[in-house]
Amino acid sequence: MPEHDSGASLRRSARVNVRIQVRLSGMLPDSKPFSEETYVITVSKYGAKLKTQQALKVGMQVKVQPWARRQSGLFKVVWIGRPGSPREGEIGIEYVTVSNLLGIAFPD
């Protein structure tokens, strides 16, 4: 019987488990600004997964600033954890412009 693939082979980049404290900010769907201190859970070459208490939507742009750095980066929300699931409160974000903002370098 074949083993089940977890989907990792379909990913564009490896994931690294981390805990990076960041400030997440942007505009909520009702046009109200928000700013939240939270943390990144995993990082890839193209983005990250983090925790949030904000009601964000796929397609929204958010700004992420690691506590240890002065610069911030612009990201697009590409995934939201399903309410009621263990992933509730998590979001997947992708760099608008790929950079090494979160401090982990990935090979090309």
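The values are calculated or read from the model by the stated rules, or taken from the named source; none is laboratory data. Bear in mind that the values here come from a model prediction, so they are computed numbers and not experimental data. Virtual Cβ from ideal backbone geometry, glycine too; neighbours counted across all protein chains shown.
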Q) Which one is farthest from E36 (Cα to Cα), of the residues in region 65-102 that are among the aliphatic types (A, V, I, L, M) and more than 9 Å from the chain's Cα centre (by Cα)? A) V98
Q. Which of the residues that make up region 18-72 are of a type in the set (S, T, N, Q), surrounded by fewer than 15 Cβ atoms within 10 Å (Cβ to Cβ) and outside any loop (DSSP other than H, G, I, E, B)?
A. Q21, S35, Q61
Q | Selected residue (criterion: nearest to the chain's Cα centre (by Cα)) from residues of region 42-57 that are modelled with pLDDT of 90 or more and of a type in the set (G, A, S) | A | A48
